[in-house]
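Every number here is computed from the coordinates shown, using simple stated rules; none is lab data. In this text, all values refer to a predicted model and were calculated from it rather than measured experimentally. Cβ placement follows ideal geometry from the backbone for every residue including glycine, while neighbour counts extend to all protein chains displayed.
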Amino acid sequence: MSTRDTRPGSTGGADVPGPLYGGPDDDYTPEQLAAMSREDLDRLGAHYDGVEILHVDPGPAPGSTMEKRAVRQVGLVFALAGVFAFLFVVVYVGSGWFLPDWHWQITENGWSALFTPLLGLTMGLAMGLVGIGLVLFTKKLLPHETAVQDKHDGSHFDRVTAGATLVGGFHNSGLARRKLITRSLGFMAAGLGLMLIMPLGGLIKNPNKGNPLGTTEWAKGVRLVRNDGTPIRPGDQQPGSLETVFPAVPGGNRQADAATMLIRLRPEQVESLTPRQGQADFAFGEYVAYSKICTHAGCPVSLYEQETSRILCPCHQSQFDVTQGAKPVFGPATRPLPQLPLELDDEGYFVASSDYIEAVGPTYWNRERI
Ligand code: FES
């Protein structure tokens, strides 16, 4: 079966110039080029580009049942992409406005737990449907050619004929007459545009109040509890031991930035205790408490070597001396682990005297506070 293209605007796979064109050395003035139709320029450009068309599938005939069905499918997919893009916008801006304030909170569940997944789901479906729509449009409605083409030097001739080829591509796409697709494309583009600029609105409508990166759930009177919620009294730990504790607030054991190491020093360690300036009363007797978040890159530090009084971070081997205010003595960390001030409540359990007085974790975002 022949694959020669007989449509207007194609060279038809001919490897010799047609009667309109004399040969590759012919000159065409700008006036001559301006006088030619788009189809003629398209053919001329293809010929001078040395295009060899290997295979041609003209796509569905205009007005055919096959074309109408494909247009409906593509239009539906693009419209659905727009619907999900608008749903993303509704979820994003509606929270706390015409919908309940359901921004995701670490201490909550129910609807608030669905906020982020719904954003991801609606955005993912919108973007996925855009991709599916484009694939369907390309496969079902565009003419398909397999061609081989030489590169050229960008002369006026090349620019004019290349422009005609681009216009010809739009013409062949049939977008100008396939109104259902252009309308659904417009709807989809509006939804996607809104969806993509919505996160910028987060800079204005910031759900995080106060200074969330500089503070934790610790506060004066908040008990230190183990992962299972049990409080701790002096004497519960053996000298030289370390326990990970959390603030006794709802969901406190899921607050990553509040994780703290409570250490009971041995008597000889207490003698050599050298607190940081202004933090002399942060320890309680032989107990000290330090942030568990490494100040280098945020890994949880937890390897405690009581013989050397050092806490080790497993990620890049930073070491902190617990008798010297947890100052770094080895490795890439440059800042001490923040110390939590301790006291006892009326029932004799450990509580914090205040939040950490400096930001926990890596130093890149709180450099000026060091
Ligand atoms: S994160 Fe602790 S040493 Fe790098």
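What to note about this one:
- Per-residue 3J(HN,Hα) values for region 310-324, derived from phi via the Karplus relation 6.51 cos²θ - 1.76 cosθ + 1.60 with θ = phi - 60°, read 10, 9, 10, 9, x, 6, 10, 6, 5, 10, 10, 8, 6, 8, 10 Hz in sequence order (x marks Gly and Pro).
- Here the Karplus relation 6.51 cos²θ - 1.76 cosθ + 1.60, evaluated at θ = phi - 60°, turns the backbone of region 114-131 into coupling constants of 8, 4, 5, x, 5, 4, x, 5, 5, 5, x, 5, 4, 5, x, 5, 4, x Hz, with x for every Gly and Pro.
- Comparing Cα centroids, region 34-93 and region 297-355 end up 63 angstrom apart.
- Theoretical FRET efficiency, 1/(1+(r/R0)^6), r = Cβ-Cβ of Ser37 and Leu200, R0 41 Å, to 0.05: 0.35
- From phi via Karplus (6.51, -1.76, 1.60), per-residue ³J(HN,Hα) for region 270-284 in Hz, x at Gly/Pro: 4, 4, 9, 4, 10, x, 6, 4, x, 10, 4, 9, 6, 7, 10
- Percent RCO, i.e. relative contact order, over region 224-369, from Cα pairs under 8 Å lying at least 6 residues apart: 21
- Amide H within-cut-off set for Leu344, under 5 Å, with H built and near neighbours excluded: Val351
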